[in-house]
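Working notes, beginning with the structure itself.
The values are calculated or read from the model by the stated rules, or taken from the named source; none is laboratory data. This one's a predicted model, so the numbers in the text were calculated from it and none came from an experiment. Note: ideal-geometry Cβ built from the backbone for every residue, glycine included; neighbour counts use all protein chains shown. In case anyone asks, the SASA skips ligands and DNA or RNA and just uses the protein heavy atoms, side chains included. Shrake-Rupley method; radii C 1.70, N 1.55, O 1.52, S 1.80 Å.
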Amino acid sequence: MPIEFEVERIDTVSISAPDELLSKQLMSPFVWQEKDDARLHMLVRAVPSNKDEQKTESGRIWYGQSGSNGLFFQMDAAPTIVPGPGGKDVRGCEDPTVVQTKDGYTVLYTGVDGSGTGHMLYATGSTIASLEKRGVALADSKTENNVKEATVLRDGDTWRLLYEYAHKGHSLISLAYGEGVAGPWNEQPDPFGIRKGHWDSFHLSTGPLWRGDPEMPVMFYNGADENTDWGIGWVAFSPDLSRVVARSDKPLISAPTDVDGPKDIAFAASLVDNEGALWLYYSRNDRELRRATIRIRR
């Protein structure tokens, strides 16, 4: 069945937080809702505003809660996941993805090592406040390096992982099947690639999945041209995520044109299905949080 999406409105997401966090640039807002709870929860990456500080830290991850409107979050007094000490995240913690399990939570995140290389790491805990780092979730292999931006789908006993990786100057998306949320993973062929002459002609990065139709999961993904002007589009898959059945010709949300600074970026991070309207949370220009309300048209 043909499917289309349209953006109904875009709202600013704001926070109440300590000065330490308010001084940061905010990215990668992973927002989720739990069963029988009207509140929304968020993990977000906070990046130092100072360029010199960014050379030594690419971010840390903070937790907050919102009421049912999902536009204003009260953040914790201290970050939840912080860099180091040492190891594969000594320079930064980025791109949180939350998976609820029978034992609590698993958070997949990007750790940046001392050389600036990204690694897909994970932490677990019975609560978000009790998360403990566990190590590598997906090791570098065919991906060359910079494994990051996890999107996870559970199908019975099988787990499916879409992720971003670096190859010959491009960011691309690949797929792996696994036995659990932290693997071990069996890597598969890339499910789709860049398109010459399109808005996503040079870079791709994963975004959130919508499973309104289990037979046709849809990912709101990120794409960019050679100028790294990032926008957000969508791609519909077969149930096992191995085959594309439909894909947007144009971005659903284009790169911003009223940019105050060097960035032209709209970058999707998470999705909440709010009774027929989809709330797509994304970052704008790598420093501000937004939420797009998206309607589904069939």
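Quick notes
- When both bridge partners sit in the chain, DSSP labels roughly 95% of those beta bridges antiparallel.
- Over 18 Å (Cα to Cα) - which of 88/148; 51/133; 196/250; 148/168; 148/250 fall in this group: 51/133; 148/250
- Here the chain has an Rg and Dmax of 17.7, 51 Å, counting Cα atoms alone.
- In Hz, Karplus ³J(HN,Hα) per residue of region 124-129 (6.51, -1.76, 1.60; θ = phi - 60°; x = Gly, Pro): 10, x, 6, 9, 5, 5
- GNM top mover of 61, 81, 15 - the chain, alpha-carbon springs below 10 Å: 15
- Selected from 251, 83, 214 as most flexible by GNM, with the chain as the system and alpha-carbon contacts under 10 Å: 214
- By the rule of a C-alpha distance below 18 Å, with chain neighbours fewer than 8 residues away ignored, the lysines paired with residue 35 are 102.
- Residue order for 245, 259 - accessible surface, 1.4 angstrom probe, largest first: 245, 259
- Put a plus charge on the Cβ of each Lys and Arg, a minus charge on the Cβ of each Asp and Glu, and nothing anywhere else: the dipole of region 90-183 about its Cα centre is then about 40 debye.
- Of the beta bridges in region 1-72, as assigned by DSSP with both residues counted there, near 95 percent are antiparallel.
- Between region 62-96 and region 205-225, the alpha-carbon centres lie 24 Å apart.
- For residue 253, the accessible surface of its heavy atoms amounts to roughly 10 Å² (probe 1.4 Å, protein chains only, rounded to the nearest 10).
- Of 76, 95, the order by accessible heavy-atom surface (1.4 Å probe, DNA, RNA and ligands excluded), from most exposed downward, is 76, 95.
- Only protein atoms count toward the accessible area here, which uses a 1.4 Å probe; on the chain, the carbon and sulfur part of that area reaches 46 percent.
- In terms of packing, defined here as the mean over residues of other Cβ atoms within 10 angstrom, the peptides 231-243, 148-160 line up highest first as 231-243, 148-160.
- Among 215, 275, 187, the largest mean-square fluctuation in a Gaussian network model of the chain (Cα springs under 10 Å) belongs to 275.
- Residues of the chain: accessible area per residue with a 1.4 Å probe, Å²: 44
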